[in-house]
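S.K.: To start, I am sharing the structure in question, which I have written as C-alpha coordinates.
The values are calculated or read from the model by the stated rules, or taken from the named source; none is laboratory data. These figures come from a predicted structure and were not determined experimentally. Because the Cβ atoms are built from the backbone with ideal geometry, glycine has one as well, and the counts that use them run over all protein chains shown. Just the protein is used for accessible areas: all its heavy atoms, side chains included, with ligands, DNA and RNA removed. Shrake-Rupley method; radii C 1.70, N 1.55, O 1.52, S 1.80 Å.
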Amino acid sequence: MTVHEVTLNLLRSLGMTTLFGNPGSTELPLLSNLPADFRYILGLQEAVVVGMADGYAQATGRAAFVNLHSAAGLGNALGNIYTAFENQTPLVITAGQQSRALQPHYPYLYAPNAAEFPRPWVKWSCEPARGEDVPAALERAWHIAMQRPCGPTFVSIPMDDWKAPASPRPVRVAAFDYAPDPAGLARIADALNRSERPVFVVGPAVDRDDMWAATVALAERTRAAVWASPVSPRASFPEEHPLFAGFLPPAPGPLADILDQHDFVLVLGAPVFTYHVPGEVHTDSTRLHLITDDQAAAARAPVAVTVLSSMRLALPALLELTLPVDRIHPAARPQPPLPRSGDPIAAELVMATLRRALPDNGVILEEAPSHRKAMRDYLPIRQRGGFHDGASGGLGFAMPAAVGMALAEIGRPIVCLIGDGSAMYSIQALWTAAQRGARVTFLVLNNQSYAVMKALAAVLKTPNPAGVELPGLDFVTIARGMGCPADRVAQSADLEAALTRALAAEGPFLLEIAVDPSFEIPYGLAGE
(Lines give C-alpha, C1' and ligand atoms only; values in the text may rest on other atoms or scores of the structure.)
Protein backbone atom coordinates (compact mmCIF):
# COMPACT_ATOMS: atom_id res chain seq x y z
CA MET A 1 0.00 0.00 0.00
CA THR A 2 1.06 3.62 -0.51
CA VAL A 3 1.01 6.50 1.96
CA HIS A 4 -1.98 7.85 0.02
CA GLU A 5 -3.98 4.63 0.42
CA VAL A 6 -3.07 4.14 4.09
CA THR A 7 -3.91 7.79 4.87
CA LEU A 8 -7.35 7.58 3.29
CA ASN A 9 -8.14 4.47 5.33
CA LEU A 10 -6.85 6.22 8.45
CA LEU A 11 -9.03 9.27 7.80
CA ARG A 12 -12.05 6.98 7.39
CA SER A 13 -11.37 5.29 10.72
CA LEU A 14 -11.05 8.69 12.43
CA GLY A 15 -14.26 10.09 10.89
CA MET A 16 -12.45 12.72 8.82
CA THR A 17 -13.87 12.13 5.35
CA THR A 18 -14.80 15.82 4.90
CA LEU A 19 -11.70 17.73 3.78
CA PHE A 20 -11.53 21.53 3.87
CA GLY A 21 -8.99 23.02 1.52
CA ASN A 22 -7.68 25.37 -1.12
CA PRO A 23 -5.39 23.37 -3.41
CA GLY A 24 -1.99 24.10 -4.88
CA SER A 25 0.54 22.05 -6.79
CA THR A 26 2.08 20.47 -3.69
CA GLU A 27 -1.34 19.16 -2.61
CA LEU A 28 -2.35 17.53 -5.89
CA PRO A 29 -1.05 14.03 -4.98
CA LEU A 30 -3.36 13.93 -1.95
CA LEU A 31 -6.38 15.15 -3.89
CA SER A 32 -5.98 12.90 -6.93
CA ASN A 33 -8.89 10.49 -7.42
CA LEU A 34 -10.51 11.04 -4.02
CA PRO A 35 -12.91 8.14 -3.28
CA ALA A 36 -16.64 8.74 -3.49
CA ASP A 37 -17.09 8.62 0.27
CA PHE A 38 -14.85 11.67 0.70
CA ARG A 39 -16.11 15.23 0.41
CA TYR A 40 -13.79 18.10 -0.54
CA ILE A 41 -15.04 21.53 0.62
CA LEU A 42 -13.33 24.20 -1.43
CA GLY A 43 -12.74 27.61 0.12
CA LEU A 44 -11.45 30.52 -1.93
CA GLN A 45 -8.93 31.70 0.68
CA GLU A 46 -7.05 29.76 3.31
CA ALA A 47 -8.36 31.72 6.31
CA VAL A 48 -11.87 30.88 5.06
CA VAL A 49 -10.90 27.21 4.82
CA VAL A 50 -9.74 27.08 8.45
CA GLY A 51 -12.80 29.03 9.63
CA MET A 52 -15.14 26.58 7.91
CA ALA A 53 -13.32 23.63 9.45
CA ASP A 54 -13.50 25.33 12.86
CA GLY A 55 -17.29 25.68 12.65
CA TYR A 56 -17.64 22.11 11.39
CA ALA A 57 -15.50 20.70 14.21
CA GLN A 58 -17.37 22.68 16.86
CA ALA A 59 -20.69 21.41 15.50
CA THR A 60 -19.64 17.76 15.31
CA GLY A 61 -17.39 17.61 18.38
CA ARG A 62 -14.75 15.83 16.25
CA ALA A 63 -11.49 16.98 14.71
CA ALA A 64 -11.79 18.32 11.17
CA PHE A 65 -9.20 17.85 8.43
CA VAL A 66 -7.68 20.89 6.69
CA ASN A 67 -5.39 20.90 3.65
CA LEU A 68 -3.48 24.12 2.89
CA HIS A 69 -0.98 25.09 0.21
CA SER A 70 2.62 25.09 1.36
CA ALA A 71 4.00 28.04 3.36
CA ALA A 72 2.05 30.73 1.52
CA GLY A 73 -1.32 29.11 2.17
CA LEU A 74 -0.39 28.38 5.77
CA GLY A 75 0.57 32.03 6.18
CA ASN A 76 -2.77 33.18 4.80
CA ALA A 77 -4.53 30.92 7.28
CA LEU A 78 -2.62 31.85 10.43
CA GLY A 79 -5.16 34.37 11.74
CA ASN A 80 -7.90 31.76 11.89
CA ILE A 81 -5.47 29.08 13.11
CA TYR A 82 -4.81 31.38 16.06
CA THR A 83 -8.57 31.74 16.57
CA ALA A 84 -9.01 27.94 16.43
CA PHE A 85 -6.27 27.58 19.05
CA GLU A 86 -8.02 30.05 21.37
CA ASN A 87 -11.40 28.44 20.60
CA GLN A 88 -9.89 25.07 21.61
CA THR A 89 -11.17 23.58 18.36
CA PRO A 90 -9.67 20.23 17.29
CA LEU A 91 -8.21 20.48 13.78
CA VAL A 92 -5.68 18.38 11.89
CA ILE A 93 -4.05 20.86 9.53
CA THR A 94 -1.80 19.73 6.70
CA ALA A 95 0.17 21.66 4.13
CA GLY A 96 2.02 20.50 1.06
CA GLN A 97 5.79 20.70 0.87
CA GLN A 98 8.17 20.52 -2.07
CA SER A 99 9.51 17.09 -2.95
CA ARG A 100 12.36 15.80 -0.84
CA ALA A 101 14.66 15.42 -3.86
CA LEU A 102 14.43 19.16 -4.61
CA GLN A 103 14.69 20.49 -1.07
CA PRO A 104 18.51 20.81 -0.99
CA HIS A 105 18.17 23.26 -3.90
CA TYR A 106 15.73 25.60 -2.08
CA PRO A 107 13.05 25.25 -4.79
CA TYR A 108 9.99 27.34 -5.51
CA LEU A 109 7.23 26.73 -2.91
CA TYR A 110 9.73 25.23 -0.48
CA ALA A 111 9.03 25.86 3.20
CA PRO A 112 12.22 25.67 5.29
CA ASN A 113 11.51 24.71 8.88
CA ALA A 114 7.88 24.15 7.92
CA ALA A 115 6.95 22.67 11.30
CA GLU A 116 8.00 25.90 13.03
CA PHE A 117 5.80 28.15 10.90
CA PRO A 118 2.45 27.82 12.74
CA ARG A 119 3.91 27.67 16.25
CA PRO A 120 2.95 28.56 18.94
CA TRP A 121 -0.65 28.46 17.72
CA VAL A 122 -0.78 24.72 17.19
CA LYS A 123 -0.52 22.12 19.94
CA TRP A 124 1.96 20.00 17.97
CA SER A 125 3.57 20.13 14.55
CA CYS A 126 6.03 18.11 12.50
CA GLU A 127 7.35 17.23 9.08
CA PRO A 128 7.91 13.46 9.12
CA ALA A 129 11.47 12.28 8.60
CA ARG A 130 10.39 9.67 6.04
CA GLY A 131 7.49 9.33 3.66
CA GLU A 132 6.29 6.12 5.29
CA ASP A 133 5.94 8.02 8.59
CA VAL A 134 3.21 10.33 7.28
CA PRO A 135 0.20 8.21 8.37
CA ALA A 136 1.63 7.79 11.89
CA ALA A 137 2.21 11.54 12.11
CA LEU A 138 -1.38 12.25 11.05
CA GLU A 139 -2.74 9.78 13.57
CA ARG A 140 -0.65 11.36 16.32
CA ALA A 141 -1.85 14.80 15.24
CA TRP A 142 -5.47 13.65 15.57
CA HIS A 143 -4.94 12.24 19.07
CA ILE A 144 -3.22 15.42 20.28
CA ALA A 145 -5.87 17.64 18.67
CA MET A 146 -8.60 15.76 20.53
CA GLN A 147 -6.90 15.80 23.95
CA ARG A 148 -8.10 18.45 26.42
CA PRO A 149 -7.73 21.28 25.88
CA CYS A 150 -8.45 20.55 22.23
CA GLY A 151 -6.77 22.53 19.51
CA PRO A 152 -5.18 22.51 16.06
CA THR A 153 -2.17 20.40 15.10
CA PHE A 154 -0.04 20.59 11.95
CA VAL A 155 1.73 18.15 9.61
CA SER A 156 3.86 19.27 6.64
CA ILE A 157 3.87 16.63 3.88
CA PRO A 158 6.38 16.61 0.98
CA MET A 159 4.49 16.01 -2.24
CA ASP A 160 6.44 12.89 -3.23
CA ASP A 161 5.63 11.18 0.09
CA TRP A 162 2.13 10.21 -1.05
CA LYS A 163 3.50 7.52 -3.40
CA ALA A 164 5.88 6.03 -0.84
CA PRO A 165 5.12 2.53 0.49
CA ALA A 166 3.46 2.37 3.92
CA SER A 167 2.00 -0.19 6.30
CA PRO A 168 -1.66 -0.19 7.35
CA ARG A 169 -2.49 1.54 10.64
CA PRO A 170 -4.43 -0.43 13.27
CA VAL A 171 -7.50 1.30 14.70
CA ARG A 172 -6.76 2.63 18.19
CA VAL A 173 -9.45 3.32 20.78
CA ALA A 174 -8.96 6.56 22.71
CA ALA A 175 -10.83 8.28 25.55
CA PHE A 176 -10.32 11.99 26.12
CA ASP A 177 -12.20 12.70 29.38
CA TYR A 178 -10.53 12.95 32.74
CA ALA A 179 -12.14 12.91 36.16
CA PRO A 180 -11.74 15.42 39.01
CA ASP A 181 -9.57 14.82 42.06
CA PRO A 182 -12.09 13.83 44.79
CA ALA A 183 -10.27 15.74 47.55
CA GLY A 184 -10.11 18.96 45.53
CA LEU A 185 -13.75 18.71 44.55
CA ALA A 186 -14.71 18.09 48.18
CA ARG A 187 -12.85 21.25 49.23
CA ILE A 188 -14.78 23.29 46.65
CA ALA A 189 -18.09 21.73 47.72
CA ASP A 190 -17.36 22.44 51.39
CA ALA A 191 -16.57 26.08 50.70
CA LEU A 192 -19.70 26.40 48.57
CA ASN A 193 -21.91 24.82 51.24
CA ARG A 194 -20.56 27.21 53.89
CA SER A 195 -20.87 30.36 51.76
CA GLU A 196 -23.62 32.95 52.11
CA ARG A 197 -23.39 34.77 48.77
CA PRO A 198 -21.99 32.36 46.15
CA VAL A 199 -21.51 33.20 42.50
CA PHE A 200 -20.63 31.05 39.49
CA VAL A 201 -18.68 32.25 36.46
CA VAL A 202 -19.42 29.98 33.49
CA GLY A 203 -17.14 29.62 30.49
CA PRO A 204 -17.02 27.87 27.12
CA ALA A 205 -16.08 24.42 28.46
CA VAL A 206 -19.54 24.10 30.04
CA ASP A 207 -21.11 24.46 26.60
CA ARG A 208 -18.56 22.24 24.86
CA ASP A 209 -19.33 19.42 27.31
CA ASP A 210 -23.13 19.87 27.06
CA MET A 211 -23.41 20.66 30.76
CA TRP A 212 -26.11 23.34 30.70
CA ALA A 213 -28.58 21.18 32.63
CA ALA A 214 -26.07 20.27 35.34
CA THR A 215 -25.00 23.90 35.74
CA VAL A 216 -28.62 25.05 36.05
CA ALA A 217 -29.29 22.35 38.63
CA LEU A 218 -26.20 23.36 40.62
CA ALA A 219 -27.13 27.04 40.55
CA GLU A 220 -30.75 26.36 41.55
CA ARG A 221 -29.73 24.07 44.41
CA THR A 222 -27.24 26.60 45.82
CA ARG A 223 -29.09 29.77 44.77
CA ALA A 224 -25.91 31.12 43.25
CA ALA A 225 -25.90 34.02 40.82
CA VAL A 226 -24.41 33.08 37.45
CA TRP A 227 -22.26 35.35 35.30
CA ALA A 228 -20.80 34.63 31.88
CA SER A 229 -17.01 34.79 31.84
CA PRO A 230 -15.47 37.83 30.11
CA VAL A 231 -15.59 37.67 26.28
CA SER A 232 -16.59 34.01 26.36
CA PRO A 233 -16.81 32.57 22.82
CA ARG A 234 -19.79 30.43 23.85
CA ALA A 235 -22.94 30.75 25.94
CA SER A 236 -23.06 28.32 28.88
CA PHE A 237 -26.24 29.18 30.78
CA PRO A 238 -29.79 30.07 29.66
CA GLU A 239 -29.72 33.85 29.51
CA GLU A 240 -33.39 34.26 30.42
CA HIS A 241 -33.03 32.21 33.61
CA PRO A 242 -33.73 34.25 36.79
CA LEU A 243 -30.31 33.32 38.22
CA PHE A 244 -28.42 34.63 35.19
CA ALA A 245 -26.82 37.90 36.25
CA GLY A 246 -25.17 38.99 33.00
CA PHE A 247 -21.75 39.21 31.38
CA LEU A 248 -18.60 39.98 33.33
CA PRO A 249 -16.69 42.88 31.81
CA PRO A 250 -13.15 42.30 30.49
CA ALA A 251 -11.91 45.15 32.68
CA PRO A 252 -10.17 44.47 36.03
CA GLY A 253 -11.85 47.20 38.09
CA PRO A 254 -15.50 46.67 37.12
CA LEU A 255 -15.06 42.89 37.22
CA ALA A 256 -13.63 42.99 40.75
CA ASP A 257 -16.44 45.30 41.89
CA ILE A 258 -18.97 42.65 40.83
CA LEU A 259 -17.21 39.64 42.33
CA ASP A 260 -16.30 41.42 45.56
CA GLN A 261 -19.99 41.32 46.46
CA HIS A 262 -19.71 37.54 46.93
CA ASP A 263 -17.93 35.41 49.54
CA PHE A 264 -17.44 32.43 47.20
CA VAL A 265 -16.60 32.48 43.48
CA LEU A 266 -16.53 29.31 41.38
CA VAL A 267 -15.21 29.60 37.83
CA LEU A 268 -16.36 26.75 35.59
CA GLY A 269 -14.49 26.10 32.36
CA ALA A 270 -13.08 29.60 31.84
CA PRO A 271 -9.81 31.47 32.42
CA VAL A 272 -9.39 33.58 35.56
CA PHE A 273 -9.83 36.14 33.95
CA THR A 274 -9.66 37.48 30.38
CA TYR A 275 -9.11 41.26 30.33
CA HIS A 276 -9.19 43.71 27.44
CA VAL A 277 -8.36 47.10 28.93
CA PRO A 278 -5.77 48.00 31.58
CA GLY A 279 -6.56 48.35 35.26
CA GLU A 280 -5.52 47.17 38.68
CA VAL A 281 -6.36 43.51 39.38
CA HIS A 282 -7.49 43.27 43.00
CA THR A 283 -9.99 40.40 43.33
CA ASP A 284 -9.35 38.42 46.53
CA SER A 285 -7.93 35.09 45.33
CA THR A 286 -8.84 33.29 48.56
CA ARG A 287 -12.49 33.36 47.49
CA LEU A 288 -11.78 32.11 43.97
CA HIS A 289 -12.16 28.44 42.99
CA LEU A 290 -11.63 26.96 39.55
CA ILE A 291 -12.66 23.80 37.70
CA THR A 292 -11.08 23.61 34.25
CA ASP A 293 -9.86 21.14 31.63
CA ASP A 294 -7.10 23.56 30.55
CA GLN A 295 -3.81 22.94 32.34
CA ALA A 296 -2.29 26.25 31.24
CA ALA A 297 -5.28 28.22 32.52
CA ALA A 298 -5.08 26.33 35.79
CA ALA A 299 -1.37 27.04 36.18
CA ARG A 300 -1.73 30.81 35.87
CA ALA A 301 -4.98 31.22 37.81
CA PRO A 302 -4.69 33.11 41.15
CA VAL A 303 -7.20 30.94 43.00
CA ALA A 304 -7.50 29.11 46.31
CA VAL A 305 -8.44 25.71 44.85
CA THR A 306 -8.03 24.38 41.31
CA VAL A 307 -9.47 21.10 40.06
CA LEU A 308 -8.48 19.76 36.65
CA SER A 309 -11.35 17.90 35.04
CA SER A 310 -13.77 17.82 32.17
CA MET A 311 -17.03 19.59 32.96
CA ARG A 312 -18.82 16.41 31.93
CA LEU A 313 -17.42 14.53 34.92
CA ALA A 314 -16.89 17.35 37.43
CA LEU A 315 -20.28 19.05 37.47
CA PRO A 316 -22.46 16.00 38.20
CA ALA A 317 -19.99 14.97 40.91
CA LEU A 318 -20.04 18.45 42.46
CA LEU A 319 -23.84 18.48 42.37
CA GLU A 320 -23.90 15.34 44.53
CA LEU A 321 -21.65 17.02 47.12
CA THR A 322 -23.64 20.24 47.49
CA LEU A 323 -26.46 20.86 49.91
CA PRO A 324 -29.72 22.67 49.14
CA VAL A 325 -29.81 25.77 51.32
CA ASP A 326 -32.19 28.60 52.11
CA ARG A 327 -30.08 31.47 50.84
CA ILE A 328 -31.46 34.81 49.76
CA HIS A 329 -32.35 34.62 46.09
CA PRO A 330 -30.03 36.85 44.00
CA ALA A 331 -31.54 39.97 42.52
CA ALA A 332 -32.89 39.52 39.02
CA ARG A 333 -30.96 40.97 36.11
CA PRO A 334 -32.42 44.36 35.13
CA GLN A 335 -34.49 44.26 31.99
CA PRO A 336 -33.48 46.60 29.16
CA PRO A 337 -35.90 49.26 27.95
CA LEU A 338 -37.92 48.73 24.81
CA PRO A 339 -35.71 49.29 21.77
CA ARG A 340 -36.06 52.55 19.91
CA SER A 341 -38.17 52.34 16.76
CA GLY A 342 -37.85 54.64 13.80
CA ASP A 343 -34.98 55.39 11.46
CA PRO A 344 -32.07 54.95 11.22
CA ILE A 345 -32.53 51.37 12.41
CA ALA A 346 -31.22 50.85 15.93
CA ALA A 347 -29.12 47.74 16.53
CA GLU A 348 -31.30 47.03 19.57
CA LEU A 349 -34.36 46.83 17.32
CA VAL A 350 -32.57 44.38 15.02
CA MET A 351 -31.76 42.10 17.96
CA ALA A 352 -35.26 42.26 19.46
CA THR A 353 -36.83 41.55 16.08
CA LEU A 354 -34.46 38.64 15.47
CA ARG A 355 -35.31 37.23 18.89
CA ARG A 356 -38.98 37.03 17.92
CA ALA A 357 -38.28 35.55 14.50
CA LEU A 358 -35.62 32.96 15.39
CA PRO A 359 -36.67 29.63 16.95
CA ASP A 360 -35.35 28.77 20.42
CA ASN A 361 -32.84 26.32 18.93
CA GLY A 362 -31.32 28.91 16.61
CA VAL A 363 -27.53 29.24 16.48
CA ILE A 364 -25.86 32.66 16.43
CA LEU A 365 -22.32 33.08 15.12
CA GLU A 366 -21.43 36.64 16.02
CA GLU A 367 -18.74 39.01 14.83
CA ALA A 368 -20.31 42.41 15.36
CA PRO A 369 -18.36 43.89 18.28
CA SER A 370 -19.95 47.30 17.85
CA HIS A 371 -23.33 45.79 18.68
CA ARG A 372 -22.43 43.17 21.28
CA LYS A 373 -24.18 45.04 24.08
CA ALA A 374 -27.37 45.23 22.04
CA MET A 375 -27.15 41.53 21.27
CA ARG A 376 -26.66 40.57 24.92
CA ASP A 377 -29.50 42.79 26.05
CA TYR A 378 -32.10 41.88 23.42
CA LEU A 379 -31.10 38.51 21.95
CA PRO A 380 -30.73 36.03 24.84
CA ILE A 381 -29.27 32.62 24.05
CA ARG A 382 -31.67 29.92 25.16
CA GLN A 383 -30.13 26.54 24.31
CA ARG A 384 -26.79 24.77 24.42
CA GLY A 385 -24.63 25.45 21.36
CA GLY A 386 -26.65 28.55 20.57
CA PHE A 387 -23.77 31.03 20.40
CA HIS A 388 -20.29 31.01 18.90
CA ASP A 389 -17.68 33.74 18.68
CA GLY A 390 -13.97 33.83 17.93
CA ALA A 391 -12.03 33.63 21.21
CA SER A 392 -8.92 35.29 19.77
CA GLY A 393 -10.45 38.73 19.25
CA GLY A 394 -9.42 38.59 15.60
CA LEU A 395 -11.87 39.01 12.75
CA GLY A 396 -12.68 36.61 9.93
CA PHE A 397 -14.10 33.68 11.91
CA ALA A 398 -17.88 33.96 12.00
CA MET A 399 -18.79 33.94 8.30
CA PRO A 400 -16.85 30.80 7.29
CA ALA A 401 -17.56 29.11 10.63
CA ALA A 402 -21.29 29.51 9.97
CA VAL A 403 -20.86 27.78 6.62
CA GLY A 404 -18.88 24.95 8.21
CA MET A 405 -21.52 24.53 10.90
CA ALA A 406 -24.26 24.36 8.27
CA LEU A 407 -22.30 21.69 6.38
CA ALA A 408 -22.31 19.60 9.57
CA GLU A 409 -26.11 19.36 9.16
CA ILE A 410 -27.00 19.91 12.80
CA GLY A 411 -30.68 20.52 12.01
CA ARG A 412 -30.80 23.99 13.58
CA PRO A 413 -31.27 27.41 11.94
CA ILE A 414 -27.91 29.18 11.69
CA VAL A 415 -27.50 32.96 11.69
CA CYS A 416 -24.23 34.76 11.09
CA LEU A 417 -24.56 38.14 12.80
CA ILE A 418 -21.71 40.25 11.49
CA GLY A 419 -20.58 43.82 11.10
CA ASP A 420 -19.68 45.41 7.80
CA GLY A 421 -15.99 45.62 8.68
CA SER A 422 -15.86 42.05 9.96
CA ALA A 423 -17.64 40.69 6.89
CA MET A 424 -14.88 41.84 4.57
CA TYR A 425 -12.29 39.60 6.23
CA SER A 426 -13.77 36.32 4.96
CA ILE A 427 -16.37 37.39 2.42
CA GLN A 428 -15.29 34.54 0.09
CA ALA A 429 -17.22 32.17 2.37
CA LEU A 430 -20.37 33.28 0.55
CA TRP A 431 -19.19 31.47 -2.58
CA THR A 432 -18.77 28.16 -0.76
CA ALA A 433 -22.14 28.65 0.93
CA ALA A 434 -23.80 29.18 -2.45
CA GLN A 435 -22.03 26.27 -4.13
CA ARG A 436 -22.90 23.89 -1.30
CA GLY A 437 -26.39 25.20 -0.60
CA ALA A 438 -25.45 25.83 3.03
CA ARG A 439 -28.49 27.13 4.86
CA VAL A 440 -27.09 30.17 6.63
CA THR A 441 -28.70 33.56 7.13
CA PHE A 442 -26.01 36.25 6.96
CA LEU A 443 -27.10 39.47 8.65
CA VAL A 444 -24.64 42.26 7.86
CA LEU A 445 -25.10 45.23 10.18
CA ASN A 446 -23.73 48.08 8.11
CA ASN A 447 -22.83 51.21 10.07
CA GLN A 448 -20.16 52.22 7.52
CA SER A 449 -17.33 52.14 10.04
CA TYR A 450 -15.23 50.21 12.52
CA ALA A 451 -17.47 51.69 15.20
CA VAL A 452 -16.02 49.55 17.99
CA MET A 453 -12.68 51.28 17.40
CA LYS A 454 -14.33 54.65 17.92
CA ALA A 455 -15.87 53.38 21.15
CA LEU A 456 -12.61 51.92 22.42
CA ALA A 457 -10.88 55.16 21.54
CA ALA A 458 -13.28 56.89 23.91
CA VAL A 459 -12.56 54.34 26.66
CA LEU A 460 -8.79 54.57 26.20
CA LYS A 461 -8.85 58.36 25.74
CA THR A 462 -7.21 58.25 22.31
CA PRO A 463 -9.35 60.66 20.27
CA ASN A 464 -9.81 60.87 16.50
CA PRO A 465 -8.32 57.52 15.42
CA ALA A 466 -7.47 57.16 11.73
CA GLY A 467 -8.71 54.39 9.46
CA VAL A 468 -12.10 53.70 11.01
CA GLU A 469 -14.50 54.82 8.24
CA LEU A 470 -15.87 52.28 5.72
CA PRO A 471 -18.02 54.08 3.13
CA GLY A 472 -19.17 52.60 -0.15
CA LEU A 473 -19.51 48.87 0.63
CA ASP A 474 -22.43 47.23 -1.22
CA PHE A 475 -22.95 43.79 0.28
CA VAL A 476 -25.96 42.94 -1.86
CA THR A 477 -23.90 43.30 -5.03
CA ILE A 478 -20.96 41.41 -3.50
CA ALA A 479 -23.16 38.52 -2.36
CA ARG A 480 -25.03 38.20 -5.63
CA GLY A 481 -21.73 38.25 -7.48
CA MET A 482 -20.78 35.10 -5.56
CA GLY A 483 -24.09 33.40 -6.23
CA CYS A 484 -25.66 34.11 -2.84
CA PRO A 485 -29.16 35.68 -2.86
CA ALA A 486 -29.24 38.99 -1.01
CA ASP A 487 -31.37 41.97 -0.12
CA ARG A 488 -31.07 45.23 1.80
CA VAL A 489 -33.29 46.93 4.39
CA ALA A 490 -32.92 50.52 5.55
CA GLN A 491 -36.28 51.36 7.19
CA SER A 492 -37.37 49.93 10.51
CA ALA A 493 -40.92 49.47 9.20
CA ASP A 494 -39.57 46.89 6.72
CA LEU A 495 -37.23 45.12 9.13
CA GLU A 496 -39.43 42.30 10.45
CA ALA A 497 -40.69 41.24 7.03
CA ALA A 498 -37.15 41.32 5.62
CA LEU A 499 -35.80 39.19 8.49
CA THR A 500 -38.64 36.70 8.10
CA ARG A 501 -37.89 36.27 4.37
CA ALA A 502 -34.17 35.88 5.03
CA LEU A 503 -34.68 33.21 7.69
CA ALA A 504 -37.10 31.30 5.48
CA ALA A 505 -34.62 30.90 2.59
CA GLU A 506 -33.84 27.28 1.68
CA GLY A 507 -30.14 28.02 1.14
CA PRO A 508 -27.79 30.86 2.02
CA PHE A 509 -29.20 34.38 2.13
CA LEU A 510 -27.54 37.69 2.97
CA LEU A 511 -29.53 40.58 4.38
CA GLU A 512 -27.70 43.89 4.61
CA ILE A 513 -29.20 46.06 7.35
CA ALA A 514 -28.38 49.77 7.38
CA VAL A 515 -28.05 50.49 11.10
CA ASP A 516 -27.58 53.66 13.10
CA PRO A 517 -23.94 54.76 12.62
CA SER A 518 -23.69 56.20 16.13
CA PHE A 519 -21.60 54.08 18.49
CA GLU A 520 -21.77 53.02 22.11
CA ILE A 521 -19.16 52.00 24.67
CA PRO A 522 -18.47 48.24 24.42
CA TYR A 523 -20.37 46.08 26.88
CA GLY A 524 -19.00 46.29 30.40
CA LEU A 525 -16.31 48.90 29.76
CA ALA A 526 -18.26 52.09 30.39
CA GLY A 527 -17.24 52.19 34.05
CA GLU A 528 -13.54 51.76 33.41
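S.K.: On a full-extension model of 0.36 nm per residue, what is the gain between Asn9 and His105, subtracting their alpha-carbon distance, rounded to one decimal in nm?
M.R.: 31.2 nm
S.K.: If you don't mind, there's one more thing I want to ask. Given the DSSP H assignment, sum -39500 (n - 2.57) over each helix run of at least 4 residues in the chain and divide by its residue total; what's the result at 222 nm in deg cm²/dmol, nearest 500? Mind dumping the intermediate values first?
M.R.: Working: 19 runs with 182 residues, N = 528.
That comes out to -10000 deg cm²/dmol.
S.K.: Counting only heavy atoms of protein chains, what accessible area per residue, in Å², does region 326-451 have with a probe of 1.4 Å?
M.R.: Here the per-residue accessible area is 36 Å².
S.K.: Percent relative contact order of the chain, based on C-alpha pairs within less than 8 angstrom and at least six residues apart?
M.R.: In percent, rounded to a whole number, it is 14.
S.K.: Sorting Lys454, Lys123 by accessible area (1.4 Å probe), largest first, what list results?
M.R.: Lys123, Lys454
S.K.: To continue, here is another question. With r defined as the distance between the Cβ atoms of Ala505 and Ala183 and R0 fixed at 41 Å, what FRET efficiency is calculated, to the nearest 0.05?
M.R.: Given R0 = 41 Å and the Cβ-Cβ separation, E is 0.15.
S.K.: Which residues' amide hydrogens lie under 5 Å from the amide hydrogen of Val267, considering only partners 5 or more residues apart or on another chain, with H built in the peptide plane?
M.R.: Sorted by chain and number, the residues that satisfy this are Val201, His289, Leu290, Ile291.
S.K.: Keeping all protein chains in the complex and leaving out DNA, RNA and ligands, what accessible area do you get for His105 with a 1.4 Å probe, in Å² to the nearest 10?
M.R.: Number for this one is 140 Å².
S.K.: Of Phe117, Phe237, which has the most accessible area and how do the rest follow, probe 1.4 Å? Numbers along the way, then the final one.
M.R.: Details: Phe117 85, Phe237 5 Å².
Ranking Phe117, Phe237 by accessible area, largest first, yields Phe117, Phe237.
S.K.: Given the chain, what percent of its DSSP beta bridges are antiparallel, to the nearest 5?
M.R.: Within the chain, antiparallel bridges account for around 5 percent of the total.
S.K.: Normalised by the number of residues in region 180-312, what is the relative contact order in percent for Cα pairs under 8 Å and 6+ residues apart? List each step's numbers first, then the result.
M.R.: On the way: 271 pairs, mean separation 38.4, N = 133.
29 percent.
S.K.: Could I ask something else about it? With all protein chains present and a 1.4 Å probe, how do Glu239, Glu27 order by accessible area, largest first?
M.R.: Glu239, Glu27
S.K.: Provide the packing ranking of 512-518, 81-87, i.e. peptides ordered by the mean count of other C-beta atoms within 10 Å per residue, highest first.
M.R.: Most protected by this proxy first, the peptides run 81-87, 512-518.
S.K.: Check Val440: other-chain or 5+ apart residues with amide H under 5 Å from its amide H, H built from backbone geometry?
M.R.: Excluding prolines and chain starts, which carry no amide H, the hits are Phe509.
S.K.: Quote the relative contact order of region 221-293 in percent (integer), defining contacts as alpha-carbon pairs under 8 Å separated by 6+ residues. Please list the in-between numbers first.
M.R.: Numbers: 96 pairs, mean separation 22.9, N = 73.
Relative contact order of region 221-293: 31 percent.
S.K.: Using a Förster distance of 30 Å, how high is the FRET efficiency between Val468 and Arg300, based on the Cβ-Cβ distance and rounded to 0.05?
M.R.: 0.35
S.K.: Counting only residues 5 or more places away or on other chains, whose amide H sits under 5 Å from the amide H of Cys150 once H atoms are built in the peptide plane?
M.R.: none
S.K.: For the ranges 127-139, 390-402, 345-357, what's the packing order if you count other beta-carbon atoms within 10 Å of each residue, average per peptide, and put the highest first? Mind showing how you got there, number by number?
M.R.: Working: 127-139: 19.3, 390-402: 26.5, 345-357: 21.7.
My ranking of the peptides, most packed first, is 390-402, 345-357, 127-139.
S.K.: Also, quick follow-up: Between Arg327 and His282, what FRET efficiency follows from the Cβ-Cβ distance if R0 is 25 Å, with the result rounded to 0.05? Could the numbers behind the result be given before it?
M.R.: On the way: r = 26 Å, r/R0 = 1.03.
Step by step, r from the Cβ atoms, then E = 0.45.
S.K.: With all pairs of different alpha carbon atoms counted, what Kirkwood hydrodynamic radius in Å does region 399-510 show?
M.R.: 15.1
S.K.: Can you order the peptides 72-80, 252-260 by their average number of other Cβ atoms within 10 Å per residue, highest first?
M.R.: 72-80, 252-260
S.K.: Spelling out what I want: for every residue of region 356-366, take phi, set θ = phi - 60°, compute 6.51 cos²θ - 1.76 cosθ + 1.60 (Karplus), and round to whole Hz; glycine and proline get x.
M.R.: Going residue by residue, I get 6, 8, 8, x, 4, 8, x, 10, 9, 10, 10 Hz, with x marking Gly and Pro.
S.K.: What is the percent carbon and sulfur in the accessible area of region 7-149, measuring with a 1.4 Å probe over the protein chains and ignoring ligands?
M.R.: 54
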